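Read through the structure below, which is laid out as C-alpha cells, and then see the notes.
The values are calculated or read from the model by the stated rules, or taken from the named source; none is laboratory data. What you see is a predicted model; the values in this text were computed from it and never measured. Note that we place each Cβ from the backbone using ideal geometry, even for glycine, and neighbour counts take in every protein chain shown. Heads up: the accessible areas ignore ligands, DNA and RNA and are worked out on the full protein's heavy atoms, side chains in. Shrake-Rupley method; radii C 1.70, N 1.55, O 1.52, S 1.80 Å.
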Amino acid sequence: MSGGAIYQEALRVLRRQKLPEVAERDVMAALEAAQPGPLALLYEAGVEAGLPRQALLSRGAGIFLSFAAGNLADDLCDGECGYFAEPARVGPYVQFLLQNLAWSTLAQAEVPGTVLAEAARGLASAAGPQALEVRTRAWTAPLFQQVAEGLAGQQWASYLLLLWVGTRLEERASTGHELGIAAHVAEDIRSRDPRFFSMPEADQRHVVRWAREAVVNVRRQGLRCMDSALRRIDPILPEEAP
C-alpha cells in the first residue's frame, strides 16, 4: 500500500455521505487538485509510528480532507481555483463540506477530543498568516518566514499530532513544524513562486539558509519517513539562493 490507499479511503468517506451527484463531483475535483500533497508522507509516517491499518487509513483520510479544504481556500485566495467553472460560487460550500467531513472522520478514528481541539486551534493559527499573504505586495525574508511558520510549519505540526497521537512518536509531532518550513521553501522554488523570487537576493539567501537549518533539524530525528520526505526536498534547495 501507499499514499494512494489513504486517497481511496477519503473517497470512501465521501461516497458514504450520499451527496447529490453534482456535489460529489465538486468535492472530488477539490480532492484531485490537492493530491498527491501529503499522502505519501502520511502513509509512511503512520507505518513508522506503528498505527494499525484502519487507524492509519482513517486518520490519514481525515487529515487529507482537511488539507484539501486548506488547499481550496488557498487557491480561492490566489485566484488559482481553475477546477471550478464558478469558483466564487462553488468553492466556499466545498471548503465548508470538506472541513466538516475531515473533523467527523478524525473524531471516529480514535483521536481524543482534547487532541482534536488542540489540532483545530493549531490549524486556525496556521490560517492567520494568510491575511498577510493576500495583502502583501513586496516580500521580505522576515515576512516570508512569518507566513511560512504558520501556513506550513504550524499546519504540519498539527497534522502529525493528529496522526501520531497514542503512538510512540506522539511526542515528536513538533518535527512537522521544521518539515513544513523546508517543504514550503522548496515548493516555492520549484514552482518559481513570486513570493520567493520577488524578494531581494539577500533575502532569498537568508530564507534558503533558514530552510536548510530546518532540514538539518528534521534529519536529526532519525525517522525513516522524514528522510524519505527530505529526499524529495533536498535536490530543490540550492546551496545558495537562485
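Taking amide H positions as modeled 1.01 Å from N, with prolines and chain starts lacking one, no residue 5 or more places away or on another chain lies under 5 Å from Gly166. Charging the Cβ of each Asp and Glu at -1 and of each Lys and Arg at +1, and nothing else, the dipole of region 34-165 about its Cα centre rounds to 180 debye.
Among Ile181, Ser104, Gly91, whose Cα projects farthest towards the positive end of the dipole of the chain, with charges put on the beta-carbon of Lys, Arg (+1) and Asp, Glu (-1)? Of Ile181, Ser104, Gly91, it is Ser104. GNM remark for the chain: springs join alpha carbons under 10 Å apart, and the peak mean-square fluctuation among Ser104, Ser158, Ser191 falls on Ser191. Placing pseudo-labels 7 Å out from each Cα toward the beta carbon at Glu201 and Gln146 gives an inter-label distance of 2.7 nm.
Note on region 1-66: with neighbouring protein chains present and a 1.4 Å probe, carbon and sulfur make up 52 percent of its accessible heavy-atom surface.
Taking every DSSP helix (H) stretch of at least 4 residues in the chain, weighting each as -39,500 (n - 2.57) and dividing the sum by the residue count yields a mean residue ellipticity at 222 nm of -22500 deg cm²/dmol. Between Gln54 and Ser174, the modelled label-to-label distance comes to 3.4 nm, taking each label 7 Å out from Cα in the direction of the beta carbon. Spacing of the modelled spin labels on Lys18 and Glu187, each 7 Å from Cα toward Cβ, amounts to 3.6 nm. Among Thr114, Thr105, Thr140, the residue with the largest mean-square fluctuation in a Gaussian network model of the chain, with springs joining Cα atoms closer than 10 Å, is Thr114.
Across the options Gly79, Ala152, Ala10, the greatest Cα extent toward the positive end of the charge dipole of the chain (unit charges at beta carbon of Lys, Arg, Asp, Glu) belongs to Ala10. Take each peptide in 15-22, 177-184, 201-208, count the other Cβ atoms within 10 Å of every residue, and average; sorted highest first, the result is 177-184, 201-208, 15-22. Using a/c under 1.5 as the rounded threshold, could you call the chain rounded, prolate or oblate? The axes a ≥ b ≥ c are square roots of the C-alpha gyration tensor eigenvalues, and prolate needs a/b larger than b/c, oblate otherwise. The shape class here is oblate.
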